[in-house]
Amino acid sequence: MKKKILVVLLFVIVKVEAQTSAFAVADSLFEKGRYKMALKELDKSDASFLSNYKKAVIYESIDDYKKAAQFLEKAITFKDDENAKLRLAKNYRSLKLSKKAIPIYEEVLAKDSLNLVLKYQLGKLYIINRKPKEAIKTFKYLVENDAENANYSYHLGLSYALNGQRDPMMNSYLDTHEKDATHLNAIVRLANSYKKLKDKDSTQIFVDKGLALDKNHVDLNKLKINRLYLDKKYAEAIPLLLNLDTIDKKDTYSAAMLGRSFFNMDSLERAKKYFKKVSIKDREDFKALTYLGHISMIEKDYRGAMFNYMMATYVGKEKRDEEYFGLGTMYFETNKIPEAINAFKEAYAENRKNYKALYQIAKLSDDYYKDKKIAYKEYKKYIENFYSRDEVISVFVERRIKEIKKEYFLEGELLD
């Protein structure tokens, strides 16, 4: 009996030594970059925690996170190892499967709640997976335990934003900025938040602070440019736009805004250059075609205007009343009144708030048709909907309503 036990022990010792030898060979091969040979060597060993773990490490080193995760999952079936679990969570995150990493972090933190680094990673996972309440609780804890860490305050702000709590969100971003005046992400968030609140001065303060840190920051540049454009400071916007055009060549924003700025400065050739560029690069930007139509109208190029306006109405997916209005104006100037009326009708159908389109329908119908009831109906519609929009137009419309009504009364017909 003793001999049998001795034989078994010797067999186990030999087997363990063989596996240890295989692991040593695999490690040596892996260190030299022969990972395929290392994997073959590990395949010679019986499945165990260590064999699976080592395979996972190799696959992780060549960014094959899927196989790395598979072998780590097998490894922890042999041994409940915390490091292996954390490594598995890391691979899940690399695979964009962060939801699967959450319970691993939660389990580890249940045993070690003072691990602030892991708690920080878990908090970010809560944000990614849209769990605002859990994220808020986590980052509140982190802020309380490390009041000087600006990133904790910033992510608390993101958590509040996810939960739709505007004031706590902004307070957290301000807290971040107070702790670290160079925290660019917080500055950008504050600039955008104040813009939504229509606080022009505060928006500008944070835009300027951000651009002082990164003059080429795309979103901050856009905020500044949009403000300058609204304030009609086109000459100040142009240098920023030219710089932005060199930073982000794929985005057509800078080219479109350069076109609009030059258009408003009556520099039509330059405007035309940028709008053509936009229309080629972004087939869905119908507004570039609209402006090309406006430029053609100014240059009395009616054929070009008609082409650009028609293309804009064809390409456009949003409200296209400006495009149809331009088309109507082109038809009017080329003395095609019925076509002009139809185009203005299209403009009004696109946007029922376009009082100018409705006025043109009424006025042109009045001038063109002998039957004044057509115009009378449109004039009445205008007064009912837009009486207070334009005093000059309303005075004229009221006068024509009275005149048309009188004309029909004299002919023995009463109009409502």
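Here are a few things to note about the model shown:
- Of all the numbered requirements in (1) closer than 21 Å to Glu322 by Cβ; (2) surrounded by 13 or more Cβ atoms within 10 Å (Cβ to Cβ); (3) of a type outside the set (A, V, I, L, M), Lys405 misses one, and that requirement is (1).
- Taken over region 64-91, the residue count meeting the criterion of being of a type in the set (Asp, Glu) and either touching a strand residue (DSSP E or B) at 6+ places or on another chain (Cβ under 7 Å) or closer than 19 Å to Leu39 by Cβ (or both) is 2.
- Asp219, sole failed condition from (1) more than 20 Å from the chain's Cα centre (by Cα); (2) in a helix (DSSP H, G or I); (3) surrounded by fewer than 17 Cβ atoms within 10 Å (Cβ to Cβ): (1)
- Test for Ser113: is it at pLDDT 95 or above, out of contact with any Pro (no Cβ under 6 Å at 6 or more places or on another chain) and among the small types (Gly, Ala, Ser): no
- Residues within region 374-415 that are part of a loop (DSSP other than H, G, I, E, B) and aromatic (Phe, Trp, Tyr), tallied: 1
- So Ala101, is it crowded, with 17+ Cβ neighbours inside 10 Å, in the same structural domain as Ala38 (by TED's automatic domain parsing) and in a helix (DSSP H, G or I): no
- The set of residues in region 351-373 that are buried (at least 20 other Cβ atoms within 10 Å of the Cβ) and either in a helix (DSSP H, G or I) or modelled with pLDDT under 95 (or both) comprises Ala357, Leu358, Tyr359, Gln360, Ile361, Ala362, Lys363, Leu364, Ser365.
- Contact map, region 278-290: residues that are free of Cβ contacts under 8 Å to residues at least 24 places away in the same chain paired with residues that are assigned to a helix (DSSP H, G or I) and aromatic (Phe, Trp, Tyr), Cβ distance under 9 Å, separation 6+ or inter-chain. Pairs shown: Ser279/Phe286.
The values are calculated or read from the model by the stated rules, or taken from the named source; none is laboratory data. All of these numbers come straight from a predicted model, not from anything done at the bench. Virtual Cβ from ideal backbone geometry, glycine too; neighbours counted across all protein chains shown.
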